[in-house]
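The next block holds one structure in the form of structure tokens; read it before the comments.
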Amino acid sequence: LLRARCSCGAVHEGQWPQGITAPVQYGASVKALAVHLNQHHLLPLKRTSEVLGDVFGLCVSQASLLAFAGEAAWQLKPTVQAIAQAVQGAPVVHADETGIRVKDKLQWLHCAVTPTLTWLGHHAKRGSQAFEALGILPQLKGTLVHDGLAGYRSLACPHSLCNAHHLRELTFVH
């Protein structure tokens with residue numbers, strides 16, 4: 001806050017503008033760019049901070065970047081739920097999972113995909129326990145296209161095996 005002493009001796013103190021609650025604040029555009037760099041382009045927190053410093057002269061801590069991502073996740077929750085519902089009602093859904101590192105431990109990034117939508121979620125497990133916890137695939141109404149992982153077979157929906165996985169297996173056999 002700005003403080004100034006008047007020629008009469010009185011001290012006058014300014015007030016923060018409405019919505020400003022701390023001495024350092026980042027606007028929506030900076031937060032959105034930081035989340036975009038970190039989450040979409042997969043820049044690590046340190047590199048995201050360095051890019052913001054190099055390009056804009058901002059000194060954004062890794063803790064702030066994590067807070068921005070958390071805020072974005074909270075704001076996007078209704079969108080993610082809408083995507084999940086749309087995927088569950090789609091006539092054909094492709095599902096797969098791939099290993100990722102979370103705090104140096106192997107976990108699984110699960111996806112449920114239509115031609116226009118992608119739902120992603122991570123879980124420590126790969127199969128049916130994860131499907132139940134994530135809640136997307138057990139509610140599926142359409143045909144599920146997958147790689148044949150045993151956990152998928154327990155889902156009560158029509159199934160189809162993925163041709164990309166067929167080709168990979170045939171290439172291996174050949």
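Which listed residue (72, 53, 130) has the Cα farthest towards the positive end of the charge dipole for the stretch 1-136, taking +1 on Lys and Arg C-beta and -1 on Asp and Glu C-beta about the Cα centre?
53
In the full protein assembly as shown, how much of residue 40 is accessible to a 1.4 Å probe, in Å² to the nearest 10?
Solvent-accessible area, nearest 10 Å²: 120 Å².
Within the chain, which DSSP H helices have Cα atoms that stretch 24 Å or more along the helix axis and a mean Kyte-Doolittle hydropathy of at least -1.0?
Working: long enough: 62-88 (36 Å, 0.45).
Span-like helices in the chain: 62-88.
Considering lysine pairs in the stretch 27-105 that are 8 or more places apart or on different chains, how many have Cα atoms under 22 Å apart? Walk me through the numbers before you get to the answer.
Numbers: 31/46; 31/77; 46/103; 46/105.
Taking the Cα cut-off of 22 Å, the pair count is 4.
Pick the calculated Kirkwood radius over Cα pairs in Å for this structure from (1) 16.8; (2) 19.9; (3) 16.3?
(2)
Would you list 131, 172 from the most to the least accessible area, probe 1.4 Å?
Result, largest first: 172, 131.
Please report, in debye to the nearest 20, how large the charge dipole of the stretch 71-113 is about its Cα centre when each Lys and Arg carries +1 at its beta carbon and each Asp and Glu carries -1 there.
On the way: 4 positive and 4 negative charges, 25 e Å.
Value, rounded to 20: 120 debye.
Kindly report the accessible area of the chain per residue (heavy atoms of protein chains, probe 1.4 Å, no ligands, DNA or RNA), in Å². Spell out each step's value before the answer.
Details: 12020 Å² over 174 residues.
Per residue, the chain has an accessible area of 69 Å².
Among DSSP beta bridges whose residues both lie in the chain, state the antiparallel percentage, nearest 5. Walk me through the numbers on the way to the answer.
Numbers: 18 of 24 bridges.
Antiparallel bridges: around 75 percent, rounded to the nearest 5.
With a cut-off of 18 Å, note down the residues of the stretch 123-149 whose backbone N falls inside the zone around a label point 7 Å from the Cα of residue 172 toward its beta carbon.
What the label zone holds, given the 18 Å backbone N cut-off, is 126-127, 146-149.
Between residue 161 and residue 120, what is the spin-label point distance in nm, taking each point 7 Å from the Cα along the Cα→C-beta axis?
If labels sit at residue 161 and residue 120, their model points lie 2.9 nm apart.
Within the set of other residues whose C-beta is less than 13 Å from the C-beta of residue 97, count the net charge using Lys and Arg as +1 and Asp and Glu as -1. Spell out each step's value before the answer.
Values: positive: 125, 126; negative: 96, 147.
Spelling it out: positives minus negatives among the neighbours equals 0.
List the aspartates and glutamates whose Cα sits under 18 Å from the Cα of residue 125, skipping any in the same chain fewer than 8 residues away.
List returned: 96, 97, 104, 147.
Taking 25 °C and 0.890 mPa s as the conditions, I'd like the Stokes-Einstein D for the stretch 71-151 in µm²/s, using the Kirkwood hydrodynamic radius from alpha carbon pairs.
On the way: Rh = 13.1 Å.
Stokes-Einstein gives a translational diffusion coefficient of 187 µm²/s.
Per residue of the chain, what 222 nm ellipticity follows from adding -39500 (n - 2.57) for every DSSP H run with n ≥ 4, rounded to the nearest 500?
On the way: 6 runs with 69 residues, N = 174.
Computed ellipticity for the chain at 222 nm equals -12000 deg cm²/dmol.
Which order do 16, 108 take when ranked by solvent-accessible area (1.4 Å probe, heavy atoms of all protein chains), largest first?
Values: 16 115, 108 50 Å².
So the residues, ranked largest to smallest area, are 16, 108.
The values are calculated or read from the model by the stated rules, or taken from the named source; none is laboratory data. Keep in mind that what you see is a predicted model, and the values were worked out from it rather than measured. A quick note on method: Cβ atoms are made from the backbone with ideal geometry, for glycine too, and the neighbour counts reach across all protein chains shown. Surface areas here come from the heavy atoms of the whole protein model, side chains and all, with no ligands, DNA or RNA. Shrake-Rupley method; radii C 1.70, N 1.55, O 1.52, S 1.80 Å.
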